[in-house]
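In what follows, a single structure is set out as structure tokens and then discussed.
The values are calculated or read from the model by the stated rules, or taken from the named source; none is laboratory data. Computed from a prediction, not measured in an experiment: that's the story for all the values here. Cβ: placed from backbone, ideal geometry, glycine included. Neighbour counts: every protein chain shown. Areas reflect the complete protein model, heavy atoms only, side chains present, ligands, DNA and RNA absent. Shrake-Rupley method; radii C 1.70, N 1.55, O 1.52, S 1.80 Å.
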Amino acid sequence: MQHLDVLIVGAGPAGIGMALALQKIPDLKFGLVERGRIGESFRRWPLETRFITPSFYSNPFGLADLNAVNEHSSPAHFAAMEHLSGELYADYLNMLVQVHKLPVVTGCKVLEVNTTAAKEFVLETEQGPLSARYVIWATGEYQFPDLQAFTGADYCVHYAQVATWKDFTAPRYTVIGGYESGVDATVNLIKQGRQVRLLVRKASWDRQSDDPSVALSPYSRERLAQAMQSGQLEVIFGVDVTKVSQQDDGSFLIEAADDRNWQEQHQPILATGFVNGGGAQQIARLWEWDEAGKIMLTEADESTLTPGLFLVGPQVRQEDRIYCFIYKFRQRFAMIAQNLALCMALDSSQLDPEPGVWGPFGNSECCEGCEC
Ligand SMILES: Cc1cc2nc3c(=O)[nH]c(=O)nc-3n(C[C@H](O)[C@H](O)[C@H](O)COP(=O)(O)OP(=O)(O)OC[C@H]3O[C@@H](n4cnc5c(N)ncnc54)[C@H](O)[C@@H]3O)c2cc1C
């Protein structure tokens, strides 16, 4: 059985960014396993989906590209594009793996994680067992849609199950959920010439905060404004969907908490998010969960229940801070790597950031009070 100091699980931006940080620790034996391809979640995005956070090659004057996973690369520079598709972003991650010769094994799903009396981890994978002193869990959330958000939610098509909006050929659809993915579904359906009924709890595009995580991003707001002028969009506010059921004639009945209801001929589109903890649910017993269903972590992003197990990515929360976007969760990579180097008495000097390399906003405090 191969033994490593550190094993990362998941080759999305969190896992690849973390691997690039670990590579700066000389003599560290680390590896990364991925169940699909590099950037698998991004390769599964609907064909028409684009990044909402703009990419810009601002690195030379001290502001890292918002979607970069290390200090010097830039998705904008790589793709010559401001709003990358999922496919192009996955290609950017793949480029980093090749250029930096990262030790990534693809097609290797982790099936089970166990701890030993010697305080090590043994991971059962599709390609045989592996052992490691430390495990960094980076399995994201996109591949773990919440299909039980309300009774009958599984009658709907979840945003994460859509390959392309071109497959939606009926004259009209109902979209449930008014945040980023609901608006993205709406905009793309309207582009295909469809009528859309959008059911939302509240308007995430009302100016509630200056924080782009609380309200709809400018990119989506701009696209929604255009969609609203198309004459193809009906937005219904204050809707808390409680049930979807299929009628004898094959149509769908959508019911809300305040007794309003809507009939729809075709499967409603569900844009209400992912399971609590996302991919961390795969090893649920190794985390402590709070009453709100969030994972409890130490200040160093280590499991409060299983020492040696770390979490990176959009599920990381520290008090009011939610690290749900790439430009947020990348701020934790160096801190975790520093701590691991310290534990193993290895040299961490290369992890000290060059002054200003992440720009003036390269600190954790900027995430305070963010909701995603
Ligand atoms: C439509 C959409 C638009 C978005 N736009 C933006 C944006 O503009 N800017 C931004 O910052 N964020 C954006 N996000 C959020 C961003 O995509 C996520 O925060 C990011 O993908 C999380 O990265 P990750 O590496 O944690 O997860 P993922 O990219 O999901 O990577 C996790 C990896 O783990 C693998 N995996 C899972 N389980 C196992 C297992 N058991 N064994 C081995 N491998 C496993 C998966 O195959 C996957 O490759 C957007 C999200 C969506 C859905």
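Based on DSSP H segments of at least four residues, each scored -39500 (n - 2.57), the chain has a per-residue ellipticity at 222 nm of -5500 deg cm²/dmol.
Computing Rg and the Kirkwood Rh from the Cα coordinates of region 153-270 gives a ratio, Rg/Rh, of 0.96.
Based on the Cβ-Cβ distance of LYS166 and THR106, what FRET efficiency does E = 1/(1 + (r/R0)^6) give at R0 = 25 Å, to the nearest 0.05? Result of the calculation: an efficiency of 0.30. In a fully extended conformation the segment linking ALA284 and GLU82 would gain 69.0 nm over its present Cα-Cα distance, using 0.36 nm per residue. Residues ASP146, ASP347, ASP184, sorted by accessible area with the largest first, give ASP347, ASP146, ASP184 [1.4 Å probe; ligands and nucleic acids excluded].
Ranking TRP262, TRP289 by solvent-accessible area of protein heavy atoms (1.4 Å probe, all protein chains present), from largest to smallest, gives TRP289, TRP262. When the surface is traced with a 1.4 Å probe over the full set of protein chains, LYS166 keeps roughly 120 Å² accessible. Counted residue by residue at 0.36 nm each, then reduced by the alpha carbon distance between them, the extension gain from GLU319 to GLU234 reaches 26.8 nm. Taking a ≥ b ≥ c as the square roots of the eigenvalues of the alpha carbon gyration tensor, region 85-158 is oblate, as a/c is not under 1.5 and a/b does not beat b/c.
Placing LYS29, LYS191, LYS328 in order of accessible area, with the largest value first and a 1.4 Å probe, yields LYS191, LYS29, LYS328.
Each part gets one Cα centre, and for region 85-133 versus region 225-253 those centres are 40 Å apart. Round to a whole angstrom and tell me the spacing of the C-alpha centers of region 296-354 and region 1-31. Their Cα centres are 13 Å away from one another. The alpha-carbon of LYS191 sits under 30 angstrom from the alpha-carbons of these lysines, leaving out residues fewer than 8 places away in its chain: LYS166, LYS202, LYS243.
Counted over the chain with a bin width of 20 Å, the fraction of Cα pairs per bin, in whole percents, is 27, 56, 16, 0. If you average the sequence gap of Cα pairs under 8 Å that are 6 or more apart and divide by the length of the chain, what percent do you get for the contact order? Reported as a whole number, the value is 19 percent. Rolling a 1.4 Å probe across the protein heavy atoms gives region 153-270 an accessible surface of 47 Å² per residue.
Of the solvent-accessible surface of region 153-270, computed with a 1.4 Å probe over protein heavy atoms with every protein chain present, carbon and sulfur atoms account for 45 percent. Rounded to the nearest whole Hz, the Karplus-based 3J(HN,Hα) values (6.51 cos²θ - 1.76 cosθ + 1.60, θ = phi - 60°) of region 49-66 follow the sequence 5, 10, 4, 8, 7, x, 9, 8, 7, 9, 3, x, 10, x, 10, 4, 3, 4, with x at glycine and proline.
Here the calculated FRET efficiency for ALA118 and ASP27, from their Cβ-Cβ distance with R0 = 35 Å, stands at 0.95, rounded to the nearest 0.05. List the relative contact order of region 61-204 as a percent without decimals, with contacts defined as Cα pairs under 8 Å and 6+ residues apart. Computed value for region 61-204: 10 percent relative contact order.
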